[in-house]
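**Student:** Pasting in a structure now, in structure tokens, and then I'll have a few things to ask.
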Amino acid sequence: MTSVLRLENIHKSFADEGGRRHQVLAGVDLHVMQGEIVWLRGESGSGKSTILNISGLLSTPDAGRVWINGHDRTKASPRAAATVRSKEIGMVFQSSNLLPELTALENIVLASSRQLSREAVMQRLERFGLAAVADRKAKRLSGGQQQRVAFCRALINQPSVLLADEPSSGLDASNTEAILEAMRSGAESGCGVLVASHDEVFKHIAHRQLPMSEVLVEQV
Ligand SMILES: Nc1ncnc2c1ncn2[C@@H]1O[C@H](COP(=O)(O)OP(=O)(O)OP(=O)(O)O)[C@@H](O)[C@H]1O
Ligand SMILES: [Mg+2]
């Protein structure tokens, strides 16, 4: 089994408005294996989103290394990072970040790195219970429908790594079940999933739990 994501001794600090730096991550080590669902849990402000943003190459660590599929991507340029993201990483955020004026179907077609027929996209939307709203603009979808479209979009390029930041927040039980199922089936086809959340519901699908207190070698 290979690790699809590995963080090695990651340090990250942020400057406050007065210019003082605050250390958020001080020596984070974690890995996610192929087909594994890892649940990152910890209190608000403990650095979960910071870890996901660094893993998704949206933010650069001050020190340490980020490995995606065995390649060191720590120093990837923004352009190279975007290529890695489009081919190897799917991301879902707390708010779905869909393009509001595009339909559900168009949001997915736009994210796809291959030419997909309408039928192929419709098949995927159907799996998420979204066929009936495929041609509805994202801004006219409910929060739960938007989040399901976001999962469908994140998985469209069959990424090796899926990063999900508080994906269940504000969702009812049936929408939550739909996103749990999306993660489960992504993992069954080999995707490694890292989900950051307070929501205890992830205990049902996680192969492993990672409390922030355990990933932080040293708290500053
Ligand atoms: N861009 C930034 N600039 C300055 N400080 C930041 C920035 N991003 C995060 N922080 C700070 O880093 C700390 C960790 O934030 P982070 O968003 O990673 O926490 P979290 O565990 O995801 O919290 P929550 O559960 O509330 O989402 C917080 O103290 C936050 O204020
Ligand atoms: Mg967060």
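**Student:** From Asn107, Asn157, Asn175, grab the single residue that is crowded, with 22+ Cβ neighbours inside 10 Å and among the polar types (S, T, N, Q).
**Tutor:** Values: Asn157 fails: crowded, with 22+ Cβ neighbours inside 10 Å; Asn175 fails: crowded, with 22+ Cβ neighbours inside 10 Å.
Answer to the selection: Asn107.
**Student:** Would you check which residues across region 27-46 are within 9 Å of ligand 1 (Cβ to nearest atom) and modelled with pLDDT under 95 and list them?
**Tutor:** Gly42, Glu43, Ser44, Gly45, Ser46
**Student:** Right, another one. All but one of (1) part of a loop (DSSP other than H, G, I, E, B); (2) under 25 Å from Glu181 (Cβ atoms) hold for Trp39; which doesn't?
**Tutor:** Status for Trp39: all satisfied but (1).
**Student:** Being in contact (Cβ under 8 Å) with a residue 12 or more places away in the chain and basic (Lys, Arg) is the filter; apply it to region 1-56 and report the residue that is surrounded by the fewest Cβ atoms within 10 Å (Cβ to Cβ).
**Tutor:** Top of the filtered list is Arg6.
**Student:** Please enumerate the residues belonging to region 42-64 that are more than 15 Å from Phe14 (Cβ to Cβ) and either in contact with a Lys or Arg (Cβ under 8 Å, 6 or more places away or on another chain) or of a type in the set (Val, Ile, Thr) (or both).
**Tutor:** Within region 42-64, Gly42, Gly56, Leu57 qualify.
**Student:** Now, a different point. Which pairs do you get when a residue that is closer than 14 Å to His204 by Cα, found in region 162-189, comes within reach of a residue that is part of a helix (DSSP H, G or I) and within 16 Å of ligand 2 (Cβ to nearest atom), reach meaning Cβ atoms under 7 angstrom, with the pair 6+ apart or on two chains?
**Tutor:** That search, which allows pairs on different chains as well, returns Ile179/Gln147.
**Student:** Restricting attention to region 97-104, does a residue exist that is outside any loop (DSSP other than H, G, I, E, B) and within 14 Å of the chain's Cα centre (by Cα)? Before the answer, list the steps.
**Tutor:** Step one: of region 97-104, the residues outside any loop (DSSP other than H, G, I, E, B) are 103-104.
Subsequent filtering for residues that are within 14 Å of the chain's Cα centre (by Cα) retains none.
No; the residues of region 97-104 include none that is outside any loop (DSSP other than H, G, I, E, B) and within 14 Å of the chain's Cα centre (by Cα).
The values are calculated or read from the model by the stated rules, or taken from the named source; none is laboratory data. The model shown is predicted, which means the values in this text are computed figures rather than measured ones. Neighbour counts run over all protein chains shown; Cβ positions are idealised from the backbone, glycine included.
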